[in-house]
Each structure stands twice: as C-alpha cells, then as structure tokens.
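Here the structure comes first, spelled out in structure tokens, and everything after it is commentary.
Please treat every number below as a calculation from the coordinates, not as lab data. Predicted model only: the values in this text are computed from it and were never measured. Cβ: placed from backbone, ideal geometry, glycine included. Neighbour counts: every protein chain shown.
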C-alpha cells in the first residue's frame, strides 16, 4: 500500500516524535561542563568538560530547587530528575533533551535500582 506523500511525512514525524525515552535518576553536575544522568540502566552523558554540548541537550534541563539539590562541590552537585530524551545507546550519550522535571531527593534515594550519584 502506497501512502500519499503528506501521509508518509506525517507517519515519519510520528515515528520520530515517539522515539523519546523518559529516563529518571540522578542528574549530576559534579564540576564545570560535566553533566550526566544515572538511571537503572546506565550513566548517560549529557556534557563533558572541554566539549561544547549542543543546545538540544542543555537548554531543556530542569532547574533544581535548592531544597532538592545536594551541593557536593561548591555549587556543583546532584539531584533527582526525570528527563525526556533521545539517546545513543551504543555510546551512553544523550542526544537531545525535550523536557525534564525535578523530583524529591527521597524518590531517588529510595530507588534500590539506582547506584550512588557519585
């Protein structure tokens, strides 16, 4: 069955939009320029110091309330969050962040599938 061109584009757009994954865990910023999310599956790299992270990754990260953030190195540290992302599973790298929300620290602390944030 052949789809009309407009329907083919709509179908392709729907498949691409459905590719985002929701990943929850420790969102860590231990030092300038370094960001990662550790969830039950892996540690997903968002940014590495010295390598400029694309805006598609950094602009949609959630901001933490200071009550739900652990400062472990001056103003750097970690919190609990869920982010909607596209990932490169072969390299454990986040390619795009669509949205995110912070969660209470107690949620990640209680999750036995999560390793320590550091």
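Side notes on the structure shown:
- Stretch gain in nm, segment residue 84-residue 118, where the contour uses 0.36 nm per residue and the Cα spacing is subtracted: 10.0 nm
- The mean sequence distance of close C-alpha pairs (under 8 Å, at least 6 residues apart), as a share of the length of the stretch 20-110, puts its relative contact order at 33 percent.
- When 35, 69, 118, 78 are sorted by how many other C-beta atoms sit within 10 angstrom of their C-beta, beginning with the fewest, the order is 118, 69, 35, 78.
- Cα point-scatterer Debye curve for the stretch 36-84, base-10 log of I(q)/I(0) at q = 0.22 Å⁻¹: -1.02
- Each Cα pair of the stretch 20-110 feeds into the Kirkwood radius, which the Stokes-Einstein equation turns, at 10 °C and 1.306 mPa s, into a diffusion coefficient of 122 µm²/s.
- The length gained by stretching the chain between residue 68 and residue 56 to full extension, at 0.36 nm per residue less their Cα-Cα distance, is 1.9 nm.
- The stretch 20-110: antiparallel DSSP beta bridges as a percent of all, rounded to 5: 95
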